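I have placed the structure first, in the form of structure tokens, so that the comments after it can refer back to it.
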Amino acid sequence: MSIAQRPKPEDMSHVIVVGGGPAGLSAALFAAKNGLEATVFDTDDTWMHKAHLFNYLGVNSLDGSSYLDIARDQVDDVGAERHHAEVTSVETTDDGFAVTADDETHHAAYLVLATGADRSLAEELGCETTDEGTVDVDVTMETSVEDAYATGAMVRAEEWQAIISAGDGAAAALNVLTKEKGDHFHDFDVPADAENAMAAVVDDPEAESDDA
């Protein structure tokens, strides 16, 4: 089991994330880390490759592409699936959502849209918009379409910052977790969690063979 990854019960719901920038990867991290099945579809067409982070709290200086490499590894470590594929359509179903990517249809109970300033999928889904043309969401990032979330530049006219987008993704995933677990969900870790996780890796022969 990966560091900090929690077991995934058979009845836990599937979350599809469209977009692999700070918002999408953050949503996938929080969801997968806490036992949900999370799948990310991404074309890697993100403005982060043109960025250099000096204003991301806790990071003095980091190239945007390097940030993505670190974030992707972190998401992979908690068991999320990532696919390099373009999502061409989304629609609601009786059980949630159908997402088409590379001519294949995938189903999920929850949908997190993290496609930057491209709001076309939200429009296709029927999400309400504001007078500024951004996707209308509540404080949990949920849209007018139940169980569908929009994040980052989709919901803001100008304030496009990596750290804000990452927070949006986390807020969306935490709301999904709250719905799934029936209580206000908090993802708090303490130093003992890190120590236990590291001890589990050291004691896991499979983990040691993977590193060899």
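Miscellaneous remarks
- Members of the range 60-89 that are touching a strand residue (DSSP E or B) at 6+ places or on another chain (Cβ under 8 Å) and over 17 Å from G169 (Cβ atoms): S61, L62, D63, H83, H84, A85, E86, T88, S89
- Flag if V202 is at pLDDT below 95, among the β-branched types (V, I, T) and farther than 20 Å from V75 by Cα: yes
- Only one of G79, G133 that is more than 23 Å from L36 (Cβ to Cβ) and in a loop (DSSP other than H, G, I, E, B): G133
- Unique residue being within 19 Å of the chain's Cα centre (by Cα) and on the phi > 0 side of the Ramachandran plot when the list is D147, D168, D138: D147
- Scanning the range 141-172 for residues that are in contact with a strand residue (DSSP E or B) (Cβ under 7 Å, 6 or more places away or on another chain) and either more than 19 Å from N55 (Cβ to Cβ) or of a type in the set (S, T, N, Q) (or both) yields a count of 12.
- Any hit, the range 136-151, residues being modelled with pLDDT under 95 and not in a strand (DSSP E or B): no
- Residues in the range 105-116 that are touching a residue at least 12 places away in the same chain (Cβ under 8 Å) and assigned to a strand (DSSP E or B): H106, H107, A108, Y110, L111, V112, L113.
- Residue count for the range 161-198 under the criterion of being in a loop (DSSP other than H, G, I, E, B), farther than 22 Å from E37 by Cα and free of Cβ contacts under 8 Å to residues at least 60 places away in the same chain: the result is 1.
The values are calculated or read from the model by the stated rules, or taken from the named source; none is laboratory data. Values in this document were obtained by computation on a predicted structure and should not be read as measured data. Methodologically, a virtual Cβ is constructed for each residue, glycine included, from the backbone with ideal geometry; neighbour enumeration extends over all protein chains shown.
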